[in-house]
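S.K.: Next up is a structure, given as structure tokens.
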Amino acid sequence: MIQSLKGMPDILPKDIHRWHEVESTLKNLFTLYSYEEIRTPLLESTDLFSRSVGTGTDIVEKEMYTFVDRNGDSISLRPEGTASVVRAYNQHHLGHSASLVRLYYMGPMFRHERPQKGRYRQFFQVGIEALGKSNSEVDAEVINILYDIGLHFKLESPILQINSVGDYVCRTPYQNLLSQFLVTHQEALCETCQKRITTNPMRVFDCKNSTCQEVILAAPLIFDHLCKDCLSHFEILTKQLDLLKIPYVLNKQIVRGLDYYTRTAFEMTAGGLGSQNAVGAGGRYDLLVEQCGGEPTPAVGFALGMERLLLSATNISDHKPIQICILPLQGEYESKASLLAQKLRSELPKDRQISIASLVGTKSIKAGMRQANKMSARYVILLGENEVKNKSATLKNMTTHGQQEIEQTKLVSFILGEIDGK
Ligand code: ATP
Ligand code: MG
């Protein structure tokens, strides 16, 4: 039997209602904050990610699904969403329509990582991007949305950690300082981090190797070397977060696994996830739009892992549709049962999450009822000789086991009345 690829799980019908619930709640929440959806392709040119996420990052170096297509072009499955949003923002001149463009996306991302709880090779991210303004208040708005998600889904002990990773003014002198520090501890670093000393020293903070982690504990931190403007940006942000009553902790170690961040960087962790405890993360990326060929445009956003949200959330209601089955009592009424099913479907409102199925090909009434039970039917409509003669149907309530013959013309209003408890 052919199996799915490692780390690329199926999401089965028994679990999909929880997904639908989270997706629709998130869409409503983003709408509430004036964010509009953007859908970008799953495949992009490899260049886009190496230029934006960064050539020295784990994502680009080790995790990307990159291949040459039939034209000989190097293309990659997207490992994250921001780069594609920025590409689309530039390509379609979205900045012309508003001075602050608020976008959200939802969809699968691909990273060739070691699969484990909360870590997959195909996973779903939902993210937002606010492009156009450098004000700290926008950072606070974006963080507020992440915090709101945590509140709404009642995540297990959520913690919001924030930091500033500086900008081009303070980062260059800081990186020199960091490189000098790392050189003196070179022997203790893994091979990759030894190379990073000259190419991208801040990446060492993100290394999962325990000896590198030990070294970095004593390293100088960017937060302690911020320039005046970056520090002021951070102070206004924390004041705004206080005003919005959003609790946070300063974590000077956060650098994030992508190169494009400037100034604000943040993460929200939660319980119930084991070592993969980051549910969502993001930050400001004031230079990325320009780096991707657009006008200089400051921006900020976050991405959140849907699987981790589903693992950590404690209040996702599981709204399954209400199942109604139509059971012909004799084989000769199968066609009438399908016709009645179609009549009900056309009369029922389409936004009610009601499912109608006619049970065709069942060998006996008993087998039909068994099938209705397997489908967790709330009602079964019985159609036999009597009902056909009377142009009626017998509605059986599978919870109370009560049943009642009803004229077919009145069936829909009767069912809706029953469902709504009228
Ligand atoms: P981690 O430190 O867990 O590897 P990351 O820094 O790589 O996370 P981001 O690139 O910032 O994560 O992605 C944002 C969110 O997407 C993460 O907080 C997480 O919830 C989710 N995520 C990232 N990689 C995976 C994955 N392989 N499987 C499932 N979810 C993921
Ligand atoms: Mg990662």
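Readers should treat all values here as calculations from the given coordinates under stated rules, not as data from a laboratory. This structure is a prediction, so every number in the text was calculated from the model and none was measured. A quick note on method: Cβ atoms are made from the backbone with ideal geometry, for glycine too, and the neighbour counts reach across all protein chains shown.
S.K.: Could you sort out which of Lys14/Lys350; Lys62/Lys228; Lys336/Lys422; Lys6/Lys374; Lys133/Lys245 sit more than 27 Å apart by Cα distance in this structure?
M.R.: Lys62/Lys228; Lys336/Lys422; Lys6/Lys374
S.K.: Now a separate question. Of Leu231, Leu287, Leu411, which has the largest mean-square fluctuation in a 10 Å C-alpha GNM of the chain?
M.R.: Highest fluctuation of the listed residues: Leu411.
S.K.: Label points 7 Å out from Cα along the Cβ direction at Ser275 and Ser157: separation in nm?
M.R.: 1.9
S.K.: On to the next question. Where does helix 13-32 land angle-wise versus the long Cα axis of the chain, in degrees 0 to 90, nearest 10?
M.R.: That works out to roughly 60 degrees.
S.K.: So which residue, out of Ala130, Ala357, Ala281, gets the largest mean-square fluctuation from a GNM of the chain using Cα contacts under 10 Å as springs?
M.R.: Greatest mean-square fluctuation among the candidates belongs to Ala357.
S.K.: Could you tell me the distance between the Cα centroids of region 355-422 and region 251-302, to the nearest Å?
M.R.: 54
S.K.: Report, to the nearest 10°, how far helix 168-183 tilts away from the longest principal axis of the Cα atoms in the chain, using its own Cα long axis and a range of 0 to 90°.
M.R.: In the chain, helix 168-183 runs at an angle near 80 degrees to the longest axis.
S.K.: Name the shape class, rounded, prolate or oblate, that the alpha-carbon gyration tensor gives for region 325-422, where a ≥ b ≥ c are the square roots of its eigenvalues, rounded holds for a/c under 1.5, and otherwise prolate holds if a/b is larger than b/c and oblate otherwise.
M.R.: Rounded, since a/c falls under 1.5.
S.K.: Filter the trypsin sites (Lys or Arg not before Pro) in region 161-241 to those in DSSP coil with at most 13 other Cβ atoms within 10 Å of their Cβ, and list the result.
M.R.: Sites meeting the loop and neighbour criteria: Lys208.
S.K.: Under 16 Å from the 7 Å Cα→Cβ point of Ser317, by amide nitrogen: which residues of region 141-158?
M.R.: Only 152-154 pass the distance filter.
S.K.: Classify the chain as rounded, prolate or oblate, taking a ≥ b ≥ c as the square roots of the eigenvalues of its Cα gyration tensor: rounded when a/c is under 1.5, otherwise prolate if a/b is larger than b/c and oblate if not.
M.R.: Prolate, because a/c is 1.5 or more and a/b exceeds b/c.
S.K.: Relative to the longest principal axis of the C-alpha atoms of the chain, give the angle of the C-alpha long axis of helix 228-243, reported between 0 and 90° and rounded to the nearest 10°.
M.R.: 30
S.K.: By count of other Cβ within 10 Å, fewest leading, how are Ile11, Ile75 ordered?
M.R.: Least to most surrounded, the residues fall as Ile11, Ile75.
S.K.: Using a 7 Å offset from the Cα along the Cα-to-Cβ direction at both Thr199 and Gln291, what is the distance between the two label points in nm, to one decimal?
M.R.: Placing both labels 7 Å along Cα→Cβ, they lie 1.5 nm apart.
S.K.: Please work out the Cα center distance from region 156-229 to region 46-120, rounded to the nearest Å.
M.R.: 24
S.K.: Now, a different point. Counting other C-beta atoms within 10 Å, which of Ile59, Ile216, Ile159, Ile381 has the fewest, and how do the rest follow?
M.R.: Ascending number of Cβ neighbours within 10 Å: Ile159, Ile59, Ile216, Ile381.
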